[in-house]
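I have placed the structure first, in the form of C-alpha cells, so that the comments after it can refer back to it.
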Amino acid sequence: MKQSFSTSEVAKYCHVTPDTIRKWAEAGRIHVFKTPGGHRRIRHEDLILFLRDNKIPIHADLREAGTKILVADAEKSVVSVIQRFLERSQNSFHVAVATDGFEAGQQIAVFRPDVLFMDLHMPGFSGGNICGRIKGNSDYASTQIIAMVNSEDPDMVEIALENGAALCLRKPFTPDDLRRALARVGVEVN
C-alpha cells in the first residue's frame with residue numbers, strides 16, 4: 001500500500017487537475033507535506049479523510065486489503081453477533097474487540113479502525129461525548145463510528161450524532177441492520 005501520493009496522483013483520484021490540488025493545499029483544504037526536494041505529497045490517511053469529508057468515492061486502489069473493524073461492547077452476545085456476521089461475509093475484515101472504555105481507547109490507538117461499533121453505555125465511556133473526543137483527534141478523524149444503544153434514549157443518540165457518530169444502531173439488531181449500518185459508512189457487505 002502506497003503511503004503518500006503526488007498532487008498529480010491525488011488529482012486523478014479527486015477527478016480534478018493537479019493545479020486544483022495545489023490550490024486546495026495552499027488554502028488548507030487538503031493536508032500536504034513537502035519532500036526535501038520541495039515536492040508536495042499527500043499521505044494516504046489524509047487523502048482518505050479528504051475523500052470521505054468531500055463525499056468523493058474512494059477508488060479500489062486506495063483501499064487496504066480488508067476493512068479494520070473494532071467492536072467495543074461489554075456484552076459478549078453483541079460482540080459475538082457482529083463477529084459472526086462479519087466472518088460469514090465474503091469481505092475481508094480485520095476485527096478487534098474491546099470490552100471496556102480503557103481497552104477501547106488502547107485498541108483505537110493501536111489498531112486504528114476504519115469502523116468502530118461502540119456501545120454508548122459501556123463501562124469507562126462517557127456516553128455520546130466520547131464520539132467527539134475520537135473524531136476530534138486528527139489521527140482518528142476518518143474512523144466511522146456506529147454508536148450502539150440499548151434503550152430509546154433520544155438525548156444520548158442526539159449527543160452521539162452531534163459529536164461525530166455516523167449513526168446510532170439500537171439493540172437488539174439483525175444482520176440486515178448491520179449490513180445497512182455498514183453501507184451507510186461506506187462498507188458494502190457481500
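Here are the numbers for the structure shown:
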read-out: Qualifying residue in the range 51-73 (condition: in a loop (DSSP other than H, G, I, E, B), at pLDDT 90 or above and closer than 27 Å to V157 by Cα); value: yes
read-out: Qualifying residues in the range 1-17 (those that are of a type outside the set (V, I, T) and under 12 Å from R41 (Cα atoms)) - the one surrounded by the fewest Cβ atoms within 10 Å (Cβ to Cβ); value: Q3
read-out: Positions within the range 82-94 being over 20 Å from F125 (Cβ atoms) and either assigned to a strand (DSSP E or B) or among the aliphatic types (A, V, I, L, M) (or both), in sequence order; value: L86, F93, H94
read-out: Residues (of a type in the set (D, E, K, R) and in contact (Cβ under 8 Å) with a residue 24 or more places away in the chain) located in the range 156-178; value: E158, E162, K171
read-out: Some residue of the range 33-44 being under 15 Å from the mean Cα position of the chain (by Cα) and either modelled with pLDDT of 95 or more or surrounded by 12 or more Cβ atoms within 10 Å (Cβ to Cβ) (or both); value: yes
read-out: One residue from N54, N137 being surrounded by fewer than 19 Cβ atoms within 10 Å (Cβ to Cβ), among the polar types (S, T, N, Q) and not assigned by TED's automatic domain parsing to the domain that holds A160; value: N54
read-out: Search result, residues across the range 117-137 that are out of contact with any strand residue (DSSP E or B) (no Cβ under 8 Å at 6 or more places or on another chain) and modelled with pLDDT under 85; value: P123, G124, S126, G127, N129
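Table: residues versus (1) under 24 Å from P175 (Cα atoms); (2) without any contact (Cβ under 8 Å) to a residue 12 or more places away in the chain; (3) surrounded by fewer than 19 Cβ atoms within 10 Å (Cβ to Cβ).
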| site | (1), (2), (3) |
| --- | --- |
| E87 | yes, yes, yes |
| Q106 | no, yes, yes |
| H121 | yes, no, yes |
| T143 | yes, no, no |
| I146 | yes, no, no |
| P154 | yes, yes, yes |
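The values are calculated or read from the model by the stated rules, or taken from the named source; none is laboratory data. Since the model is a prediction, treat every value here as computed from it, not as a measurement. Cβ atoms come from the backbone with ideal geometry, glycine included; neighbour counts cover every protein chain shown.
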